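Presented below is the structure to which this report refers.
Please treat every number below as a calculation from the coordinates, not as lab data. The structure presented is a predicted model; accordingly, all values stated were derived computationally and were not measured. Ideal geometry is used to build each Cβ from the backbone, glycine not excepted, and the neighbour counts take in all protein chains shown.
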Amino acid sequence: MPVWLEKHKHMMIVLVIAIIILLLVLFRFQQKDEVAVTEPIWMEAESEQLEKEKQDIKTTPEKIFIDLKGAIKKPGLYEVEEGERVYDVVEKAGGLLKTADEKQINFAMKLYDEMVIYIPEINELGPEVSYPGEMNSNNDEKVNINQADAAELETLPGIGPSKAATIIQYREENGSFKEIEELMNISGIGEKTFEKLKEQIRTQ
């Protein structure tokens, strides 16, 4: 070993240790800088994902129920999305019957929950849209046998659940009643039953 190296051996050891410590300190600072840079990016990405999920929840349309009646191929209760229009639910029901009066229907009207849509036939007077209970809001008003549901038909004398269902089925298969006397075409409704209820029913 050279004399000068032997003489300054301790100083060289201290210098090497100092360099090692300095390198370690610099390495630690570099790691902290990387964490400081990458952590906000990760948090920002997660925040954007949560915000997107919230937006998806907000934009999901609410489900509503529509009662579709009258001159339609498949009348009944339909589940649709809020914001859809009369045209959409008519399409889901298979479309109109040939006897339907399209002039009385507002296909562009937006749907809302518990909405009742009645499709009238040609030359038939009647609203295409009504609220629940609107058709027979007055107890003294005659029941429209072309619009009444089962519950309303059952308020008539001699008409129970079975006959009410038969009346609705007849109406769906043959179209609206033109005269109240057509009720006697239905099995179970004879002249005696008809005499009891004829003053309480109407076709328009």
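For Ala150, the shell of other residues with beta-carbons less than 15 Å away shows a net charge of -2, using +1 for Lys and Arg and -1 for Asp and Glu. Remark: spin-label model distance Asn106-Phe194 equals 3.8 nm, labels positioned 7 Å along the Cα→Cβ axis. Modelled this way, with points 7 Å down the Cα-to-C-beta line, the labels at Glu179 and Met11 are 13.2 nm from one another. Plugging the Kirkwood radius over Cα pairs into Stokes-Einstein for segment 61-132, at a temperature of 4 °C and a viscosity of 1.567 mPa s, what D comes out in µm²/s? Stokes-Einstein gives a translational diffusion coefficient of 109 µm²/s. With respect to the cross-link table entries Lys163/Lys192; Lys69/Lys196; Lys63/Lys110, which display a Cα-Cα separation exceeding 18 Å? With Cα atoms farther than 18 Å apart: Lys69/Lys196.
The simple Förster model, with R0 at 22 Å and r as the Cβ-Cβ distance, assigns Glu82 and Thr166 a FRET efficiency of 0.05.
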